[in-house]
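Notes follow once the structure below has been shown.
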């Protein structure tokens, strides 16, 4: 067992937060001469950790005088992690071994409050080790967990937020309260039903956990801009519900440029433009150069401007996806220029189903070769 040779490293981490969990480094506790701590290296090697990878990505960890390799591995093992899983966690986030065991145990108890299943917790740690081993903001994490639980959010949603957007839990709970309040006010002001608010909020945060980190004023600015463009409250609620958490990523300037380009390129009226944006919010969140590039590829593939205006969801597809799908459909004898864009759009699963039907139709024989031929009448 690696012994504690210096006071807890937790004091070294206090106040370290620069927006990136993986960039946080403890204060220096280097061995004399800056040599690697051989006990740390040997302990990681015994766990089948790729030392070369650690040296390349986080070599400074191996220089620290105090480490808790076996204690960290033991905690993960107690949760049910096997040897390969432990090695993956420590290769991806080797600074985990610098966390004091008592702080890691407290972190385990804290996370268990929203993810009581050990197997699920191990899966989260494997995917987001930096989030789990950020042990310097436990008071804020605890307060924020309690706040989100008070909103009656599903534990799975809260655990996803905690893992994928840990910055939201490392800041004062008042900031998250303000962000949620802005989202709630926007939803209710557009005619959303209070009884559906919790479900709506869960979907929003599940789709974009970083929505809480955006300035609350950005939501109000975006709504004001779209109201000025003629969108009704019901239409705005439809848009916000479709975009969910990504609505807070938009800006009036970006939406203005995208809508102006789309209206000029597609030659549509204000009302037609609003209808297209409701059908395909890509007209709001893709920058004008992206829309221009996608329009160019579609026109080169034989699609008309009229078709794009009738099926604006085609603009949600990346250019390489469009080209691949057009070529695939052509191989089955389908021309998107005359046959319509419905077979081109949709998810990968939707497209594969459409392409499969076309393939079967093309491969079906015109007659049954094993059926007996009708004898000529005498």
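A short reminder: the numbers here are calculations on the coordinates, not readings from a lab. Quantities reported herein were computed from a predicted structural model and do not represent experimental measurements. Positions of Cβ are backbone-derived with ideal geometry, glycine not excepted, and every protein chain shown enters the neighbour counts.
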For this session: Pop the C-beta distance of residue 279 and residue 213 into the FRET formula with R0 = 41 Å and round what comes out to the nearest 0.05.
Result: 0.90
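What FRET efficiency, computed as 1/(1 + (r/R0)^6) with R0 = 22 Å and r the Cβ-Cβ distance, is obtained for residue 146 and residue 57, rounded to the nearest 0.05?
0.05
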Problem set entry | the range 167-203 and the range 109-145: distance between their alpha carbon centers, rounded to Å | 22 Å
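With a Förster radius of 22 Å, plug the Cβ-Cβ distance of residue 221 and residue 242 into 1/(1 + (r/R0)^6) and report the FRET value to the nearest 0.05. All intermediate terms of the calculation are to be shown ahead of the outcome.
Values: r = 19 Å, r/R0 = 0.86.
Using R0 = 22 Å, I get an efficiency of 0.70.
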Problem set entry | Degrees, to the nearest 10: 173-189 long Cα axis against longest axis of the chain | 20 degrees
Problem set entry | Cα→Cβ-extended label distance, 7 Å offset, between residue 164 and residue 361, nm | 3.7 nm
Exercise. Along each of its three principal axes, how wide is the spread of alpha-carbon positions in the chain, in whole angstrom units, largest first?
Worked result: 101, 65, 41
For this session: Can you put 136, 338 in order of Cβ neighbours within 10 angstrom, beginning with the fewest?
Result: 338, 136
For this session: State, to one decimal in nm, how far the label point of residue 293 lies from the label point of residue 251, with both points 7 Å from Cα in the Cβ direction.
Result: 1.9 nm
Exercise. Stokes-Einstein D for the range 205-268 at 20 °C, 1.002 mPa s, Kirkwood Rh over Cα pairs, in µm²/s?
Worked result: 171 µm²/s
For this session: Fewest Cβ neighbours within 10 Å first, please rank 155, 348 accordingly.
Result: 348, 155
For this session: Could you let me know the centre-to-centre spacing of the range 43-76 and the range 222-245, using Cα atoms, in angstrom?
Result: 50 Å
Exercise. For helix 138-150, what angle does its Cα long axis make with the longest principal axis of the chain, in degrees from 0 to 90 and rounded to 10?
Worked result: 40 degrees
Exercise. Which ordering of 206, 304 is given by a fewest-first count of other beta-carbon atoms within 10 Å?
Worked result: 304, 206
Problem set entry | Rg and Dmax of the range 251-362, Cα atoms only, in Å | 14.3, 48
For this session: Just check the range 135-282 against the gyration tensor rule for me: Cα atoms, a ≥ b ≥ c as the square roots of the eigenvalues, rounded for a/c under 1.5, and otherwise prolate or oblate depending on whether a/b exceeds b/c.
Result: prolate
